[in-house]
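This report refers to the structure that appears directly beneath it.
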Amino acid sequence: MSVDYERMAEIAEELSRHIPEEVRAVEISGEEIVMMMSPGNQHELIVRRVGKQLDAQIERQGVDLIAHGGADLEDPVVGVRRRPDVMVFPESCLETGEAVHPHDVEVVSRTNPENDYEGKTRDYPAMGIPYYLLLDPRKGTGALYSGIHRTPEGPRYGTSTEFAFGETVRVGDWTVDTSVFPTYG
């Protein structure tokens, strides 16, 4: 863990003790502390529907995984802490605190889309997350990022597949039906 990240983590923890209720998470990315506001109802509806779709498929496969949101994802070596909307990982990680990076889903917020399109497309491949599904209810579109490869700037996604709401998107072993997602009015 770098000294810089260690210090930023301390500051983030201190901020977490004093932040207003409407802030849902404190993230660390690109040597910045990012305070995430609580999302609106439509955002949360999409998160719930994604989680339900993934959980149903995971259950049918009989694997020891869950689709869950609200847990911190931290990689001190890379210097990043994020709180994805939905992640797929072994349920046992909630008991042990292990860091896992299998799959990730984000829904773009109205207030800070740059964080989802720029910061997370940089941070997630650096953390080894093989799939990043970005849903943008502002536009009724999305993108699936995959194929991590090395670049001079560090690990990056090599493939970006764009889609419109209404399509079914394959994310690794699972699919997400985007026809059931509302758009922001």
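What are the pairs with Cβ atoms under 9 angstrom where one residue, in the stretch 33-47, is over 30 Å from E6 (Cα atoms) and the other, located anywhere, is modelled with pLDDT of 70 or more and among the small types (G, A, S)? Sequence gap at least six, or different chains.
Note: pairs meeting the criteria are Q42/G185; V47/G69.
Can you tell me which of T151, T161 is more than 20 Å from D55 (Cα to Cα) and free of Cβ contacts under 8 Å to residues at least 12 places away in the same chain?
T151
Mind listing just one residue for me: the one in the stretch 72-91 that is in contact (Cβ under 8 Å) with a residue 60 or more places away in the chain and not in a strand (DSSP E or B) and, of those, least open to solvent (accessible area, probe 1.4 Å)?
By that ranking, first place goes to G79.
Using the structure shown, decide if G142 is surrounded by fewer than 16 Cβ atoms within 10 Å (Cβ to Cβ) and either part of a strand (DSSP E or B) or at positive phi (or both).
On the way: surrounded by fewer than 16 Cβ atoms within 10 Å (Cβ to Cβ): no; either part of a strand (DSSP E or B) or at positive phi (or both): yes.
No; evaluated as a whole, the condition is false for this residue.
Yes/no matrix, rows are residues, columns are (1) touching a His at 6+ places or on another chain (Cβ under 9 Å); (2) at pLDDT 80 or above; (3) part of a loop (DSSP other than H, G, I, E, B):
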{"residue": "Q53", "(1), (2), (3)": "no, yes, no"}
{"residue": "G70", "(1), (2), (3)": "no, no, yes"}
{"residue": "R110", "(1), (2), (3)": "yes, no, yes"}
{"residue": "D123", "(1), (2), (3)": "no, yes, no"}
{"residue": "L135", "(1), (2), (3)": "no, yes, no"}
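Return the total of residues in the stretch 47-87 being within 13 Å of the chain's Cα centre (by Cα) and either of a type in the set (A, V, I, L, M) or farther than 21 Å from S29 by Cα (or both). If you could, list the steps in order and put the result at the bottom.
We begin by selecting, within the stretch 47-87, every residue within 13 Å of the chain's Cα centre (by Cα); these are 47, 50-51, 67-74, 80-87.
When the remaining residues are screened for being either of a type in the set (A, V, I, L, M) or farther than 21 Å from S29 by Cα (or both), the result is 47, 50-51, 67-68, 71, 73, 80, 86-87.
Residues flagged as within 13 Å of the chain's Cα centre (by Cα) and either of a type in the set (A, V, I, L, M) or farther than 21 Å from S29 by Cα (or both) within the stretch 47-87 amount to 10.
I28 - would you say it is more than 14 Å from the chain's Cα centre (by Cα), at pLDDT below 90 and part of a strand (DSSP E or B)?
On the way: more than 14 Å from the chain's Cα centre (by Cα): no; at pLDDT below 90: yes; part of a strand (DSSP E or B): yes.
No, not satisfied.
For the stretch 149-185, give me each residue that is in contact with a helix residue (DSSP H, G or I) (Cβ under 8 Å, 6 or more places away or on another chain), outside any loop (DSSP other than H, G, I, E, B) and open to solvent by 70 Å² or more (accessible area, probe 1.4 Å).
E167, T168
The values are calculated or read from the model by the stated rules, or taken from the named source; none is laboratory data. Note that this is a predicted model, so its numbers are computed, not measured. Every residue, glycine among them, receives a Cβ derived from its backbone with ideal geometry; neighbour counts consider all protein chains shown. For the accessible areas, the whole protein counts, side chains as well, though only heavy atoms, and no ligand, DNA or RNA atoms are used. Shrake-Rupley method; radii C 1.70, N 1.55, O 1.52, S 1.80 Å.
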